[in-house]
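Inspection log for the structure reproduced underneath, given as C-alpha coordinates.
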Amino acid sequence: MNIRVGLRLLQTSASSSGSWIWSSWCRSLRPGLRSGPSRGMSGSGRGTMNVFNREMKRKQKSWAASLPDSHQYDYLRDEVRGHRSPGRVLAHRPTEIQTHRVLADEEFLPFRENTFDLVLSSLTLHWTNDLPGALRQIHQVLKPDGVFVGAMVGAETLFELRCSLQLAEMEREGGFSPHVSPYTTVTDLGNLLGQAGFSMLTVDIDEVQVYYPGIMEVMTDLQGMAESSCAWNRKSLLHRDSILAAAAVYQEMYGSNTGTVPASFHILYMIGWKPHESQAKPAKRGSATVSFGDLSKINQPSNKDPS
(Lines give C-alpha, C1' and ligand atoms only; values in the text may rest on other atoms or scores of the structure.)
Protein backbone atom coordinates (compact mmCIF):
# COMPACT_ATOMS: atom_id res chain seq x y z
CA MET A 1 0.00 0.00 0.00
CA ASN A 2 1.24 3.45 -0.84
CA ILE A 3 2.34 5.19 2.36
CA ARG A 4 0.28 8.25 1.51
CA VAL A 5 -2.86 6.15 1.23
CA GLY A 6 -2.08 4.35 4.46
CA LEU A 7 -1.73 7.65 6.30
CA ARG A 8 -5.13 8.94 5.22
CA LEU A 9 -7.24 10.20 8.10
CA LEU A 10 -10.55 12.02 8.41
CA GLN A 11 -10.41 15.01 10.74
CA THR A 12 -12.29 18.22 11.33
CA SER A 13 -9.41 20.67 11.21
CA ALA A 14 -5.74 20.96 10.31
CA SER A 15 -3.06 21.28 12.94
CA SER A 16 -0.98 24.45 12.91
CA SER A 17 2.26 25.11 14.77
CA GLY A 18 3.42 28.14 12.79
CA SER A 19 3.97 31.62 14.11
CA TRP A 20 1.04 33.96 14.75
CA ILE A 21 2.20 36.30 11.97
CA TRP A 22 2.32 33.50 9.37
CA SER A 23 -1.03 32.09 10.47
CA SER A 24 -2.77 35.47 10.41
CA TRP A 25 -1.39 36.38 6.98
CA CYS A 26 -2.27 32.96 5.64
CA ARG A 27 -5.87 33.19 6.80
CA SER A 28 -6.23 36.35 4.74
CA LEU A 29 -5.37 34.29 1.66
CA ARG A 30 -7.97 31.60 2.25
CA PRO A 31 -11.03 31.47 -0.04
CA GLY A 32 -13.61 34.17 0.51
CA LEU A 33 -10.98 36.74 1.55
CA ARG A 34 -8.36 36.42 -1.15
CA SER A 35 -8.15 38.55 -4.28
CA GLY A 36 -8.68 37.06 -7.70
CA PRO A 37 -11.58 35.65 -9.72
CA SER A 38 -14.59 34.39 -7.83
CA ARG A 39 -15.88 30.99 -8.86
CA GLY A 40 -19.52 30.09 -9.07
CA MET A 41 -21.45 33.27 -9.79
CA SER A 42 -20.28 33.79 -13.37
CA GLY A 43 -23.70 33.20 -14.86
CA SER A 44 -25.50 35.98 -13.04
CA GLY A 45 -25.56 38.52 -15.82
CA ARG A 46 -21.81 39.10 -16.10
CA GLY A 47 -21.00 36.58 -18.82
CA THR A 48 -19.06 33.34 -18.58
CA MET A 49 -15.65 33.49 -16.92
CA ASN A 50 -12.73 31.87 -18.71
CA VAL A 51 -10.72 30.70 -15.71
CA PHE A 52 -9.48 27.28 -16.82
CA ASN A 53 -7.59 25.99 -19.83
CA ARG A 54 -9.91 23.10 -20.64
CA GLU A 55 -7.59 21.63 -23.27
CA MET A 56 -4.79 21.43 -20.71
CA LYS A 57 -7.11 19.71 -18.24
CA ARG A 58 -7.98 17.09 -20.86
CA LYS A 59 -4.27 16.48 -21.43
CA GLN A 60 -3.68 16.19 -17.69
CA LYS A 61 -6.45 13.60 -17.38
CA SER A 62 -5.16 11.61 -20.34
CA TRP A 63 -1.62 11.63 -18.95
CA ALA A 64 -2.78 10.57 -15.48
CA ALA A 65 -4.91 7.75 -16.91
CA SER A 66 -1.91 6.43 -18.88
CA LEU A 67 0.21 5.92 -15.73
CA PRO A 68 0.85 2.22 -15.01
CA ASP A 69 0.05 2.81 -11.33
CA SER A 70 -2.82 5.22 -11.90
CA HIS A 71 -5.07 3.26 -9.52
CA GLN A 72 -2.86 4.34 -6.60
CA TYR A 73 -4.12 7.90 -7.03
CA ASP A 74 -7.81 7.01 -6.88
CA TYR A 75 -8.11 7.14 -3.08
CA LEU A 76 -9.84 10.52 -3.00
CA ARG A 77 -12.35 9.51 -5.67
CA ASP A 78 -12.89 6.22 -3.86
CA GLU A 79 -13.62 8.20 -0.70
CA VAL A 80 -16.26 10.21 -2.54
CA ARG A 81 -17.45 7.07 -4.40
CA GLY A 82 -18.06 6.44 -8.05
CA HIS A 83 -15.78 7.87 -10.70
CA ARG A 84 -14.83 7.69 -14.35
CA SER A 85 -11.55 8.60 -16.01
CA PRO A 86 -10.18 8.73 -19.57
CA GLY A 87 -8.46 5.50 -20.57
CA ARG A 88 -10.91 3.38 -18.62
CA VAL A 89 -13.96 4.14 -20.72
CA LEU A 90 -13.71 0.84 -22.57
CA ALA A 91 -12.59 -1.21 -19.58
CA HIS A 92 -15.97 -1.60 -17.89
CA ARG A 93 -17.48 -4.48 -15.98
CA PRO A 94 -20.28 -6.36 -17.75
CA THR A 95 -23.69 -5.88 -16.17
CA GLU A 96 -27.22 -7.11 -16.77
CA ILE A 97 -28.31 -3.52 -17.44
CA GLN A 98 -27.79 -2.22 -20.96
CA THR A 99 -25.48 0.79 -20.91
CA HIS A 100 -24.18 3.34 -23.40
CA ARG A 101 -20.99 5.31 -22.85
CA VAL A 102 -20.44 8.78 -24.27
CA LEU A 103 -17.27 10.83 -23.78
CA ALA A 104 -18.56 14.39 -23.56
CA ASP A 105 -17.70 17.83 -22.27
CA GLU A 106 -19.40 18.84 -19.02
CA GLU A 107 -20.04 22.30 -20.46
CA PHE A 108 -21.69 20.98 -23.68
CA LEU A 109 -23.89 17.98 -22.88
CA PRO A 110 -24.94 16.21 -26.13
CA PHE A 111 -28.36 15.07 -24.87
CA ARG A 112 -31.94 16.11 -25.49
CA GLU A 113 -34.14 17.74 -22.88
CA ASN A 114 -36.12 15.49 -20.54
CA THR A 115 -33.96 12.43 -21.22
CA PHE A 116 -32.75 11.09 -17.87
CA ASP A 117 -34.27 10.18 -14.51
CA LEU A 118 -30.92 10.55 -12.76
CA VAL A 119 -27.68 12.47 -13.41
CA LEU A 120 -24.54 11.78 -11.36
CA SER A 121 -21.37 13.87 -11.26
CA SER A 122 -18.32 13.01 -9.17
CA LEU A 123 -15.39 15.44 -8.82
CA THR A 124 -15.47 17.04 -12.28
CA LEU A 125 -17.60 20.19 -12.07
CA HIS A 126 -14.91 22.23 -10.26
CA TRP A 127 -12.97 22.38 -13.55
CA THR A 128 -15.79 23.95 -15.57
CA ASN A 129 -15.56 27.58 -16.66
CA ASP A 130 -19.33 27.97 -16.84
CA LEU A 131 -20.59 26.22 -13.72
CA PRO A 132 -24.00 27.97 -13.82
CA GLY A 133 -24.41 26.90 -17.46
CA ALA A 134 -23.36 23.31 -16.70
CA LEU A 135 -25.94 23.07 -13.92
CA ARG A 136 -28.63 24.49 -16.20
CA GLN A 137 -27.80 21.87 -18.85
CA ILE A 138 -28.03 19.10 -16.27
CA HIS A 139 -31.42 20.45 -15.26
CA GLN A 140 -32.55 20.47 -18.90
CA VAL A 141 -31.59 16.86 -19.66
CA LEU A 142 -33.42 15.59 -16.57
CA LYS A 143 -37.03 14.47 -16.81
CA PRO A 144 -39.54 16.21 -14.52
CA ASP A 145 -39.10 14.76 -11.01
CA GLY A 146 -35.60 13.63 -12.04
CA VAL A 147 -32.76 14.07 -9.60
CA PHE A 148 -29.18 15.31 -9.83
CA VAL A 149 -26.63 13.99 -7.34
CA GLY A 150 -23.14 15.45 -7.45
CA ALA A 151 -19.89 16.02 -5.59
CA MET A 152 -17.23 18.62 -6.31
CA VAL A 153 -14.19 20.14 -4.65
CA GLY A 154 -15.02 23.14 -2.46
CA ALA A 155 -13.45 26.49 -1.68
CA GLU A 156 -11.04 25.68 1.17
CA THR A 157 -9.44 22.71 -0.56
CA LEU A 158 -5.62 22.62 -0.32
CA PHE A 159 -5.42 25.82 1.71
CA GLU A 160 -2.25 24.48 3.38
CA LEU A 161 -0.51 24.08 0.02
CA ARG A 162 -1.74 27.44 -1.26
CA CYS A 163 -0.57 29.29 1.83
CA SER A 164 2.85 27.60 1.96
CA LEU A 165 3.61 28.35 -1.68
CA GLN A 166 2.51 31.96 -1.43
CA LEU A 167 4.51 32.62 1.73
CA ALA A 168 7.61 31.01 0.21
CA GLU A 169 7.37 33.03 -3.01
CA MET A 170 6.79 36.24 -1.07
CA GLU A 171 10.01 35.58 0.84
CA ARG A 172 12.20 34.34 -2.03
CA GLU A 173 10.80 36.22 -5.03
CA GLY A 174 9.12 39.29 -3.58
CA GLY A 175 5.65 38.32 -4.82
CA PHE A 176 3.49 35.27 -5.52
CA SER A 177 1.51 33.71 -8.35
CA PRO A 178 -1.51 31.41 -8.04
CA HIS A 179 -0.68 27.71 -8.01
CA VAL A 180 -3.97 26.34 -6.65
CA SER A 181 -7.14 26.87 -8.67
CA PRO A 182 -10.11 28.86 -7.32
CA TYR A 183 -13.01 26.76 -6.10
CA THR A 184 -16.70 27.30 -5.37
CA THR A 185 -18.06 28.06 -1.90
CA VAL A 186 -20.92 26.05 -0.41
CA THR A 187 -23.17 29.14 -0.29
CA ASP A 188 -22.55 29.92 -3.97
CA LEU A 189 -23.33 26.33 -4.89
CA GLY A 190 -26.73 26.42 -3.21
CA ASN A 191 -27.55 29.68 -4.99
CA LEU A 192 -26.45 28.30 -8.36
CA LEU A 193 -28.55 25.15 -7.99
CA GLY A 194 -31.59 27.29 -7.24
CA GLN A 195 -30.87 29.61 -10.19
CA ALA A 196 -30.56 26.56 -12.46
CA GLY A 197 -34.14 25.59 -11.56
CA PHE A 198 -33.58 22.77 -9.06
CA SER A 199 -35.93 22.33 -6.12
CA MET A 200 -35.80 20.45 -2.79
CA LEU A 201 -32.10 21.20 -2.55
CA THR A 202 -29.65 19.48 -0.23
CA VAL A 203 -26.08 20.81 -0.03
CA ASP A 204 -23.55 19.44 2.43
CA ILE A 205 -19.80 19.71 2.97
CA ASP A 206 -17.26 17.17 4.20
CA GLU A 207 -13.54 17.51 4.88
CA VAL A 208 -11.10 14.78 3.97
CA GLN A 209 -7.56 15.16 5.27
CA VAL A 210 -4.80 13.14 3.66
CA TYR A 211 -1.40 12.96 5.37
CA TYR A 212 1.75 12.95 3.24
CA PRO A 213 5.49 12.73 3.95
CA GLY A 214 5.99 16.24 2.54
CA ILE A 215 4.99 18.88 0.02
CA MET A 216 6.56 17.06 -2.94
CA GLU A 217 4.35 14.02 -2.31
CA VAL A 218 1.31 16.30 -2.17
CA MET A 219 2.10 17.79 -5.59
CA THR A 220 3.05 14.40 -7.07
CA ASP A 221 -0.27 12.89 -6.04
CA LEU A 222 -2.20 15.89 -7.38
CA GLN A 223 -0.57 15.25 -10.75
CA GLY A 224 -1.48 11.57 -10.54
CA MET A 225 -5.08 12.50 -9.75
CA ALA A 226 -5.13 14.95 -12.70
CA GLU A 227 -5.97 17.63 -10.14
CA SER A 228 -3.08 20.00 -10.88
CA SER A 229 -4.04 23.57 -11.65
CA CYS A 230 -5.01 24.42 -15.22
CA ALA A 231 -5.95 28.06 -14.58
CA TRP A 232 -4.85 30.45 -17.32
CA ASN A 233 -3.08 32.71 -14.81
CA ARG A 234 -1.11 29.93 -13.15
CA LYS A 235 2.67 30.06 -12.92
CA SER A 236 4.02 27.19 -15.01
CA LEU A 237 7.31 26.71 -13.13
CA LEU A 238 8.34 26.86 -9.50
CA HIS A 239 11.87 27.94 -8.59
CA ARG A 240 13.85 25.36 -6.63
CA ASP A 241 14.49 27.79 -3.78
CA SER A 242 10.78 28.56 -3.54
CA ILE A 243 9.88 24.87 -3.38
CA LEU A 244 12.40 24.25 -0.60
CA ALA A 245 11.11 27.26 1.31
CA ALA A 246 7.50 26.14 0.81
CA ALA A 247 8.36 22.67 2.14
CA ALA A 248 9.80 24.24 5.30
CA VAL A 249 6.77 26.51 5.75
CA TYR A 250 4.37 23.61 5.19
CA GLN A 251 6.13 21.50 7.82
CA GLU A 252 6.42 24.35 10.32
CA MET A 253 2.83 25.55 10.07
CA TYR A 254 0.91 22.31 9.53
CA GLY A 255 3.27 19.40 10.27
CA SER A 256 2.12 16.72 12.70
CA ASN A 257 4.09 15.14 15.54
CA THR A 258 4.86 12.18 13.27
CA GLY A 259 6.59 14.39 10.70
CA THR A 260 3.80 14.18 8.10
CA VAL A 261 1.83 17.10 6.64
CA PRO A 262 -1.92 17.26 5.93
CA ALA A 263 -3.68 18.25 2.73
CA SER A 264 -7.34 19.18 3.19
CA PHE A 265 -9.95 18.41 0.56
CA HIS A 266 -13.34 20.04 1.12
CA ILE A 267 -15.97 18.07 -0.76
CA LEU A 268 -19.32 19.68 -1.58
CA TYR A 269 -22.19 17.20 -1.95
CA MET A 270 -25.39 18.28 -3.65
CA ILE A 271 -28.84 16.90 -4.46
CA GLY A 272 -31.40 18.76 -6.53
CA TRP A 273 -34.70 17.71 -8.11
CA LYS A 274 -36.29 18.94 -11.31
CA PRO A 275 -39.71 20.29 -10.30
CA HIS A 276 -42.85 18.21 -10.90
CA GLU A 277 -46.43 18.69 -9.80
CA SER A 278 -46.32 15.46 -7.76
CA GLN A 279 -43.57 16.77 -5.48
CA ALA A 280 -44.40 17.94 -1.97
CA LYS A 281 -45.05 21.66 -1.73
CA PRO A 282 -44.12 23.84 1.25
CA ALA A 283 -47.05 24.92 3.39
CA LYS A 284 -48.30 28.48 3.06
CA ARG A 285 -46.81 31.02 5.44
CA GLY A 286 -48.98 31.37 8.55
CA SER A 287 -50.75 28.03 8.10
CA ALA A 288 -48.94 26.26 10.98
CA THR A 289 -51.15 24.94 13.79
CA VAL A 290 -48.36 24.08 16.25
CA SER A 291 -45.81 26.44 17.77
CA PHE A 292 -42.12 25.54 17.93
CA GLY A 293 -42.30 26.58 21.59
CA ASP A 294 -44.63 23.64 22.26
CA LEU A 295 -42.03 21.11 21.08
CA SER A 296 -40.16 21.34 24.38
CA LYS A 297 -43.29 20.18 26.22
CA ILE A 298 -43.73 16.93 24.30
CA ASN A 299 -41.86 14.71 26.80
CA GLN A 300 -43.09 16.51 29.90
CA PRO A 301 -45.55 14.55 32.10
CA SER A 302 -49.15 15.66 31.90
CA ASN A 303 -50.76 17.21 35.01
CA LYS A 304 -54.19 16.00 34.04
CA ASP A 305 -55.92 13.49 36.34
CA PRO A 306 -56.15 10.19 34.40
CA SER A 307 -59.45 9.41 36.19
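The values are calculated or read from the model by the stated rules, or taken from the named source; none is laboratory data. Note that the structure is predicted; figures quoted are calculated from it, not measured. Ligands, DNA and RNA are excluded from the accessible area calculation, which covers all protein heavy atoms including side chains. Shrake-Rupley method; radii C 1.70, N 1.55, O 1.52, S 1.80 Å.
Sequence-distant or interchain residues sharing an amide H contact under 5 Å with Leu123, placed H: which?
When sequence neighbours closer than 5 places are left aside, the close amide H contacts are Ala151, Met152.
Go through segment 272-285 residue by residue and turn each phi into a ³J(HN,Hα) via Karplus (6.51, -1.76, 1.60, θ = phi - 60°); whole Hz please, and just put x for glycine and proline.
Along segment 272-285, the couplings run x, 10, 7, x, 8, 5, 7, 6, 5, 10, x, 5, 5, 4 Hz.
Express in Å², to the nearest 10, the accessible area of Thr187 obtained by rolling a 1.4 Å probe over the protein heavy atoms while all chains stay in place.
Roughly 90 Å² of Thr187 is accessible to a 1.4 Å probe.
What residues qualify as long-range amide H neighbours of Ile205, i.e. H under 5 Å apart, gap of 5 or more or another chain, H built at 1.01 Å from N?
Excluding prolines and chain starts, which carry no amide H, the hits are Tyr269.
From the protein chains alone at 1.4 Å, what is the descending order of accessible area for Phe116, Phe292, largest first?
Phe292, Phe116
So what's the convex hull volume per residue for the Cα atoms of segment 117-204, in Å³?
Taking the convex hull of the Cα positions in segment 117-204, it is 94 Å³ per residue.
What do you reckon, how do Arg234, Arg112 stack up by accessible area (1.4 Å probe), largest on top? Mind showing how you got there, number by number?
Working: Arg234 65, Arg112 200 Å².
Correct descending sequence by accessible area is Arg112, Arg234.
Would you mind checking which residues have amide H under 5 Å from Gly146's amide H? H placed 1.01 Å from N; only 5 or more apart, or other chain.
Excluding prolines and chain starts, which carry no amide H, the hits are Lys274.
Among rounded, prolate and oblate, which fits segment 223-275 when a ≥ b ≥ c are the square roots of the eigenvalues of its C-alpha gyration tensor, a/c under 1.5 means rounded, and a/b larger than b/c means prolate? Write out the running numbers ahead of the final one.
Working: a/c = 3.51, a/b = 1.55, b/c = 2.27.
Oblate is the answer for segment 223-275, as a/c is 1.5 or above yet b/c matches or exceeds a/b.
Considering only protein heavy atoms, what is the solvent-accessible area of His100 at a probe of 1.4 Å, reported in Å² to the nearest 10?
Spelled out: His100, probe radius 1.4 Å, area about 150 Å².
HN-Hα J couplings of segment 246-254 from phi, Karplus 6.51/-1.76/1.60, θ = phi - 60°, integer Hz, Gly and Pro as x?
3J(HN,Hα) across segment 246-254, in whole Hz: 5, 4, 5, 5, 4, 5, 5, 7, 10.
Taking a 1.4 Å probe, which of Met49, Met200 shows the most accessible area, and what order do the others take after it? Mind dumping the intermediate values first?
Values: Met49 55, Met200 90 Å².
Per-residue accessible area, sorted high to low, gives Met200, Met49.
So what are the ³J(HN,Hα) numbers for segment 193-201, from phi and the Karplus equation (6.51, -1.76, 1.60; θ = phi - 60°), rounded to whole Hz, Gly and Pro as x?
So the J values, rounded to whole Hz, are 4, x, 5, 6, x, 6, 10, 6, 6.
Report Glu217's accessible area, 1.4 Å probe, all protein chains in place, as a number in Å² to the nearest 10.
Result for Glu217: roughly 60 Å² accessible.
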